1. Which one of C:VAL146, C:ALA164, C:GLY133 has its Cα pushed farthest toward the positive end of the charge dipole of region C:121-183, where Lys and Arg give +1 and Asp and Glu give -1 at the Cβ?
2. Considering every pair of different Cα atoms, what Kirkwood radius, in Å, is found for the protein assembly as shown?
3. Using +1 at the Cβ of each Lys and Arg and -1 at the Cβ of each Asp and Glu in region C:198-322, identify which of C:SER209, C:LEU241, C:THR256 lies farthest towards the dipole's positive end.
4. Where does the protein assembly as shown land at 222 nm, in deg cm²/dmol rounded to the nearest 500, when only DSSP H runs of n ≥ 4 count, each adding -39500 (n - 2.57), divided by all residues?
5. List, shortest first and in nm to one decimal, how far the label point of B:GLY104 (7 Å from Cα along Cα→Cβ) is from its counterparts in the other copies.
6. Tell me, which longest segment in chain D has none of the GluC sites (Glu not before Pro) that fall in DSSP loops with at most 16 further Cβ atoms within 10 Å?
7. Mind checking Rg over Rh on chain D, alpha carbons, Kirkwood formula for Rh?
8. Could you run the Karplus curve 6.51 cos²θ - 1.76 cosθ + 1.60 with θ = phi - 60° over region D:59-71 and give me ³J(HN,Hα) per residue in whole Hz, x for Gly and Pro?
Protein chains: 4
Amino acid sequence: MSTRIPRDKQNDYTETMAKRRREFATQHSGTELDHVANYSFNPSQCAGNIENFCGVAQVPIGLAGPLIVNGEHAQGEFYVPLATSEGTLVASYNRGMRLVREAGGVKVSVVDDAMQRAPVFIFDDARQARDFGHWIEENFSAIKEVAESTTNSGKLRNIEQYAAARMLYLRFNFTTGDAAGQNMVGKACFFACEWIKNNYPGVRKYLLSGGMDTDKKHSQINTLHSRGKRVIAEAVIPGELMQTMMGVPAEVLYKTRAVSQVGNFMAGSINTGLHSANGITAIFISTGQDVANVAESSSAVTFADLDDDGNYYIAITIPSLIVATYGGGTGLATQRECLELLGCYGKGNVYKLAEIIGATVLAGELSLASAVLAGDWVSSHDAYGRNR
Amino acid sequence: MSTRIPRDKQNDYTETMAKRRREFATQHSGTELDHVANYSFNPSQCAGNIENFCGVAQVPIGLAGPLIVNGEHAQGEFYVPLATSEGTLVASYNRGMRLVREAGGVKVSVVDDAMQRAPVFIFDDARQARDFGHWIEENFSAIKEVAESTTNSGKLRNIEQYAAARMLYLRFNFTTGDAAGQNMVGKACFFACEWIKNNYPGVRKYLLSGGMDTDKKHSQINTLHSRGKRVIAEAVIPGELMQTMMGVPAEVLYKTRAVSQVGNFMAGSINTGLHSANGITAIFISTGQDVANVAESSSAVTFADLDDDGNYYIAITIPSLIVATYGGGTGLATQRECLELLGCYGKGNVYKLAEIIGATVLAGELSLASAVLAGDWVSSHDAYGRNR
Amino acid sequence: MSTRIPRDKQNDYTETMAKRRREFATQHSGTELDHVANYSFNPSQCAGNIENFCGVAQVPIGLAGPLIVNGEHAQGEFYVPLATSEGTLVASYNRGMRLVREAGGVKVSVVDDAMQRAPVFIFDDARQARDFGHWIEENFSAIKEVAESTTNSGKLRNIEQYAAARMLYLRFNFTTGDAAGQNMVGKACFFACEWIKNNYPGVRKYLLSGGMDTDKKHSQINTLHSRGKRVIAEAVIPGELMQTMMGVPAEVLYKTRAVSQVGNFMAGSINTGLHSANGITAIFISTGQDVANVAESSSAVTFADLDDDGNYYIAITIPSLIVATYGGGTGLATQRECLELLGCYGKGNVYKLAEIIGATVLAGELSLASAVLAGDWVSSHDAYGRNR
Amino acid sequence: MSTRIPRDKQNDYTETMAKRRREFATQHSGTELDHVANYSFNPSQCAGNIENFCGVAQVPIGLAGPLIVNGEHAQGEFYVPLATSEGTLVASYNRGMRLVREAGGVKVSVVDDAMQRAPVFIFDDARQARDFGHWIEENFSAIKEVAESTTNSGKLRNIEQYAAARMLYLRFNFTTGDAAGQNMVGKACFFACEWIKNNYPGVRKYLLSGGMDTDKKHSQINTLHSRGKRVIAEAVIPGELMQTMMGVPAEVLYKTRAVSQVGNFMAGSINTGLHSANGITAIFISTGQDVANVAESSSAVTFADLDDDGNYYIAITIPSLIVATYGGGTGLATQRECLELLGCYGKGNVYKLAEIIGATVLAGELSLASAVLAGDWVSSHDAYGRNR
């Protein structure tokens, strides 16, 4: 029994090959892959998305909504497809959407947009690295031209510089249209770096990544300088509505935040909100995003205020939401349907999708925050009651 | 046209209701959900996993392997089902698995295991909070008994204490058997907190979460004290094998790490590796894990050494890998098949699964690290060649 | 002209040698060190505190107070000697002390106490490291005995464990009486490590510091697990007093905190307060502390609340305040006088000193926070006035 | 007995008043302040440096050197005055200076220079904040003019922007000549903010500090974007010299770094070096710097490499070294002498001082790193010896 996974070098994206791999897996494990085999598209459609294709994971989708979004790109009511296997997640987001609906919806804005590749250039000493930095500034136009020659939609916005030892770490920021753009900027940056190396004397060596792009991992630099879209979702919930619908006084919600922020800070948490990862992951799976980007996209900064009339202002800032409506997994069968359900499939829609995700996340924060406190409220009540 | 998503309060997990919701979505968006409708299981099976079920996301699965795992629970060859839509991911992990196979496999160990709920107790002043802390230590057995009375498999291991202002933040650590355990420990902790409140005079208020459990978000406390399983995967790659198979001298791999670690540090990255999120996410989707836990699970600590014979020792420590082989999405149709393919479905297998994931992640690190450098190597070669 | 700094191997702590070094410095730089030469103690008294002694820095001391401290060790009114050259610092702390005096003083508590040395033990693989960890737990009593045999006042409290790769990082926590204790615990830990190495087979190598003691540098682990004393200072300021004396409504102070906490979080600041470093440094210099410990001691966690009557509760938690009333520089001429001025010189006083420092820091936070806002208030007023 | 510290509103900086305050302190504490009374300058000289002046702290100064500095501003041999009460500190730095002297000295470069004030502007929603950001960019020249009108030496370099919720956090970067500049930039920024408020409609409120200047506290943004001077010190130590003089093979020094970096990372340490705070604090005290800035200045990034000939390259990057040679405490009696000893008193010398500090810090790192390892080496030897 061969241990080599079957592969057809000529034409690997066929039902025949998928089946051969399932049979191979069955031989080795004794497990029949009947459900995995149940997909509704032609394997040829996932060339470029997967290797050694053998079937699909079927992840349940639940509908939540309507979510009222007051974006600059997304406007009106949306029904959001959430793919998850965690019970109560859809119900909880749905509940939050109901609250923000009653409060007039979620205002969402995309305030920044950049995808990075961050090479490092190594010199003989720190001064050479510093002088190189000046040259990079002076030659930005030429570098931009080289970088952009490799892509239709990528635009080099600016290059950050960070100095340490005899290295200069550069962080190339691109806008990438409706694609997430990691590959696009990787290639553009590579060509730019080669051009730099050939035109600047004294580069000892460069690495295409010096660790400051922090792809697939959270970093403080993402929180500061964004990666993907920087999305801010805001809502104002009247105090009475909060009390009636969620069972929690807005003031309690507001004041307990200070307690949990201290906990957050001591823990060294990268997210001052509660669970943005839940909503983001569920939409990422349903709409064909690179789900591993949850590592970066799930960080968030929350802020709340209570005005003199008792209205609760709440905002969540997602500094590194990596999304696409074009390319990657967005064209796959169910993924495309889910994007279409949101009116977000294809070019020109990436900000719209970002806004819908931002609004969803905010709804989820409100729902969970009030649930935790209402539970606490109830439990306290029970406890006190028991003493009587 | 109603804006209310159809729901049957009596019996909502039926094909009828799923269909009604798809039709509802179509009415509102004009999008036919044909592919989403293509699932191979009875909707009743996903009760407890989803609300407002309307269909599935079909995420392509590719096979990688064989991966040789030298674990304490996973031993031998494994074919790993990776669910993703990102091209080259499967190929890259596969390549890494080939390398570690030639090197004798990946040694993996689970060195810690704990799931948390972290309430905060609020007092009149810091001294009361401190005294409460002593009481908690003295009454640990009683608290443990109360907490464990709520669960069959959860065991309260210890309670960490963190003091700030007039609050005492507690962090309850449970082992949770083969379940991920977030709900289990939430309930156990709630009962423990109620008992504490009723038995300790002077608690002004408590919150079930004080922000130090950092559920669905990365934190430094997770890196220090683990969340889920703490998994360490190690391999030793002979220098010659690295050169032959990956095209990179082990010494180059070793030395460039120091450069990228500086970048990592300045960026404030939470992961000193490259892309653990990729492998973890792909296995999480295929095997029915709570994929939003990628937020925590994707952090990692890497370490490498080069011995006198030129062998490259590499280790990746995943301090907060949250996995289950029982409960949650693990019993869903395709998810169960994928777990079975790994010999990991059901009770008694959670460490085995953790080890397989750890080994997969290490293979992926080796593959990407050498690819980046080989590319650099090639490009340098090209560049120098061009000058001749 | 020799380039070698004069040194008398037999008897170097004399006025003769100090003078020879000043003359040497003058020869090399052309600078007369007249003021540096003006010290009022016998150089023999600073043996053990300095090498190549040539004179003193005269750092101005200003008095602030009375500061009312409601500690468990410090009780009553204190006049605090602040050594600094930064204008307004003393005035600002003095102003804060007046406010808290009117409010009844500062309640301060020392809630934790530990000084660390953190060795790392290296093994062949992660499992050996894990097993070693169990052995450490089982042999704690023996290790404690060995460690404590090297010191009169140091007591080994517990040993934390952190696993990564094939290493086990230990963090030995000692109480150290009235000394800061870094050297004491270094020696005790060294003996313990040697004993461990000789009694546990399979240790490949150990390093006396594995980087987790974070001496002379801030770390998250200090915030979590304390280094030196963990001090919490609290005060309740009546709203009317805040308005009358500081010119800022308590509610403004309370609500703007949320804005600056967001800034703090995005910046990745290690201190959620304003300037604890100022007060701590000034007392450290005047009382002969190891001033370089400002690196650790200056981190802080703040928390505020506003009760229904408009009273402003404010607390600052200093998780790693490293202080001594015995040993180090505490016995030097002016330093001892300043400690005596606080009633803190010598044994049995270290908690008292920690409490006074905590109270001072809190007074300074209140003073600066309200000054910033009152300034803003005034400026806004000016601006609006100008428009009229 | 009055509790009010004596103060003369007309003329407070006199020996009479200093004496009255000492007597007041004696009355209240029973402590004679004889040594504190021993200063060699006229109290009138410390107006602007201290309030309620009553005397001085005498901090011992030891000489270390000669330190060979290959800077762009500091060139040649320097004798460094280190003010401390920690025994062995001077000896250890001296030992490191000897090593780098034999290796040809320390190359030091100042690669960045900026002092910040970071206000926050608050709007009705995130979009208004974003639009305001564009306006700031477009009106940079006008803002610069207003800001610079308030200062002779301060120059506004650029304004960073960070968005969260409905706030826009600005970070004004100034160069400040030979002063540290915190007050200068505070004033300049205040005028700029007032101008902005009066010229941009729709600002709801602004705060002069939004928490992102992180004055007197470390932050990741300082590591990334510098605060004060960004100084990089480098040295190359021949392997044989390291072995002969420090008793440690360069390769051991190089390889153990990887182990301690893992410890650093897990601990969440802000400094990948060992003890830069020691050298920086000692020079800060002797030369009249704002010693509380040790909080920021003590963070550091280290990097090492080993070349094929066994030479050890080591660099330390100090991203936020806050120094002055003019203003603040630099003109005080002993402080000025110490600056003159380094040839750094007064205008035009701030980069020179920064370079000398950088070189000192590097010498100290080498000394301590090799001491730790040589100790380990020796102890290992002992242990093994004992077994024979």
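1. Checking the options against the dipole of region C:121-183, the answer is C:ALA164.
2. On the way: mean 1/r = 0.0300 Å⁻¹.
So the Kirkwood estimate lands at 33.3 Å.
3. Toward the positive end, the furthest listed residue is C:SER209.
4. Values: 44 runs with 624 residues, N = 1552.
Helices in the protein assembly as shown give a 222 nm mean residue ellipticity of -13000 deg cm²/dmol.
5. 4.2, 6.9, 7.0
6. Details: sites that count: D:GLU32, D:GLU72.
The answer is D:73-388.
7. On the way: Rg = 24.3 Å, Rh = 23.3 Å.
Answer for chain D: 1.04.
8. 9, x, 10, x, 9, 10, x, x, 9, 8, 10, 9, x
Read-outs: derived from the displayed coordinates by stated rules, not from any lab. What you see is a predicted model, and the numbers here were worked out from it, not measured in a lab. In this analysis, Cβ positions are derived from the backbone assuming ideal geometry, glycine residues included, and neighbour counts consider all displayed protein chains.
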